[in-house]
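Participant: Can you keep this structure in mind? I'll have questions shortly.
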Amino acid sequence: IASCIAVCPLEVLRVRAFDGVVKTGAVPPAGEWRLSNGIARLYAEGGFGVLYSSLGGLLFRELPFTITKFVVFDAAVSAISTLLPSLADGQTSYFVSLAAGAIAGVVGGAVS
């Protein structure tokens, strides 16, 4: 949740910059939507309400992915360690983490 709160103003800035390109069909002048002036411009437009207007959507996108990823990662590590106990020791445990992370990422992406 903390990462969503931190990223939300940047996401709004990205969407506004891209929205201008879609509506006008032209690329905005360089620097029109830089981080420094873009955040200030959005804040002047409507305060924190505008900066955090997409927080709900961002949470609905990120929370299912993150929760699924953690649950599947733990289950995959347990399953791989049970099936192949020799991989759970020493340096090969990195491969277990890598495989479990890949599985968790794919499943989390499919869920969200």
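Participant: Which residues, counting only those in the range 89-112, are in contact (Cβ under 8 Å) with a residue 24 or more places away in the chain, small (G, A, S) and part of a helix (DSSP H, G or I)?
Facilitator: Hits for the range 89-112 are A100, G101, A104, G105, G108, G109.
Conditions (1) among the β-branched types (V, I, T); (2) at pLDDT 80 or above; (3) not in a helix (DSSP H, G or I), marked per residue:
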position: I5; (1), (2), (3): yes, yes, no
position: L13; (1), (2), (3): no, yes, no
position: V22; (1), (2), (3): yes, no, no
position: P29; (1), (2), (3): no, no, yes
position: G49; (1), (2), (3): no, yes, no
position: L58; (1), (2), (3): no, yes, no
position: L87; (1), (2), (3): no, no, no
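Participant: Can you name the residue in the range 43-62 that is of a type outside the set (A, V, I, L, M, F, W, C) and open to solvent by 90 Å² or more (accessible area, probe 1.4 Å) and is also nearest to S112 (Cα to Cα) among such residues?
Facilitator: Residues of the range 43-62 that are of a type outside the set (A, V, I, L, M, F, W, C), as a first pass: 43, 45-47, 49, 52-54, 56-57, 61-62.
Still in the running and open to solvent by 90 Å² or more (accessible area, probe 1.4 Å): 43, 45, 61.
On the way: Y43: 30, E45: 31, R61: 6 Å.
Among them, the one singled out is R61.
Participant: From the list A99, A110, A104, which residue is among the hydrophobic types (A, V, I, L, M, F, W, C) and open to solvent by 60 Å² or more (accessible area, probe 1.4 Å)? Walk me through how you get there before you give the answer.
Facilitator: Numbers: A99 fails: open to solvent by 60 Å² or more (accessible area, probe 1.4 Å); A104 fails: open to solvent by 60 Å² or more (accessible area, probe 1.4 Å).
Sole residue among the options that is among the hydrophobic types (A, V, I, L, M, F, W, C) and open to solvent by 60 Å² or more (accessible area, probe 1.4 Å): A110.
Participant: Here's a follow-up. Is it the case, given these coordinates, that F65 is without any contact (Cβ under 8 Å) to a residue 40 or more places away in the chain, aromatic (F, W, Y), touching a Gly at 6+ places or on another chain (Cβ under 9 Å) and surrounded by 14 or more Cβ atoms within 10 Å (Cβ to Cβ)?
Facilitator: no
The values are calculated or read from the model by the stated rules, or taken from the named source; none is laboratory data. Given the structure is predicted, the values throughout are model-derived calculations rather than measurements. Every residue, glycine as well, gets a Cβ built from its backbone with ideal geometry; the counts of neighbours run over all protein chains shown. The protein model used for the area step is the full one, side chains on, heavy atoms only, and it has no ligands, DNA or RNA in it. Shrake-Rupley method; radii C 1.70, N 1.55, O 1.52, S 1.80 Å.
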